[in-house]
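The values are calculated or read from the model by the stated rules, or taken from the named source; none is laboratory data. Note that this is a predicted model, so its numbers are computed, not measured. Cβ placement follows ideal geometry from the backbone for every residue including glycine, while neighbour counts extend to all protein chains displayed. Side chains included, ligands, DNA and RNA excluded: accessible areas come from the protein's heavy atoms. Shrake-Rupley method; radii C 1.70, N 1.55, O 1.52, S 1.80 Å.
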Amino acid sequence: MYYENLLEDNGFYRIHAKHLVNLRLVLKYKSLGRNGTIFLKNGIELDISARRKAGFTKALKEWTE
């Protein structure tokens, strides 16, 4: 939680309990019902938890504007 708080103003968002991602590296976002998946520029594919999906889409939109 400490690092998450430090990084959130710099374009990072926690998409899952195990994943804190840099929004600048998101290449593609795919909504899958309650959950979602993101594809990063380095080829990694990560699932977004249902609880964090709405917050993620808002953060991604704000960061890319």
Pairs only if they're at least six apart or on different chains, beta carbon under 8 angstrom, first in region 30-45 and over 13 Å from Phe56 (Cβ atoms), second open to solvent by 60 Å² or more (accessible area, probe 1.4 Å) and among the charged types (D, E, K, R); list them, first residue then second.
Phe39/Lys28; Phe39/Lys30; Phe39/Glu45
Extreme residue, modelled with the lowest pLDDT, among residues of region 18-65 that are hydroxyl-bearing (Ser, Thr, Tyr) and exposed (fewer than 14 other Cβ atoms within 10 Å of the Cβ)
Thr64
Residue by residue through region 2-12, note down the ones that are open to solvent by less than 60 Å² (accessible area, probe 1.4 Å) and either among the charged types (D, E, K, R) or within 14 Å of Lys61 (Cα to Cα) (or both).
Glu4, Gly11, Phe12
Enumerate the strands (runs of 3 or more DSSP E) found wholly within the chain, keeping only those where 1 or more residues are among the acidic types (Asp, Glu) and in contact with a strand residue (DSSP E or B) (Cβ under 9 Å, 6 or more places away or on another chain).
45-48
Being in contact with a His (Cβ under 9 Å, 6 or more places away or on another chain) and charged (D, E, K, R) narrows Arg34, Arg24, Arg52 down to just Arg52
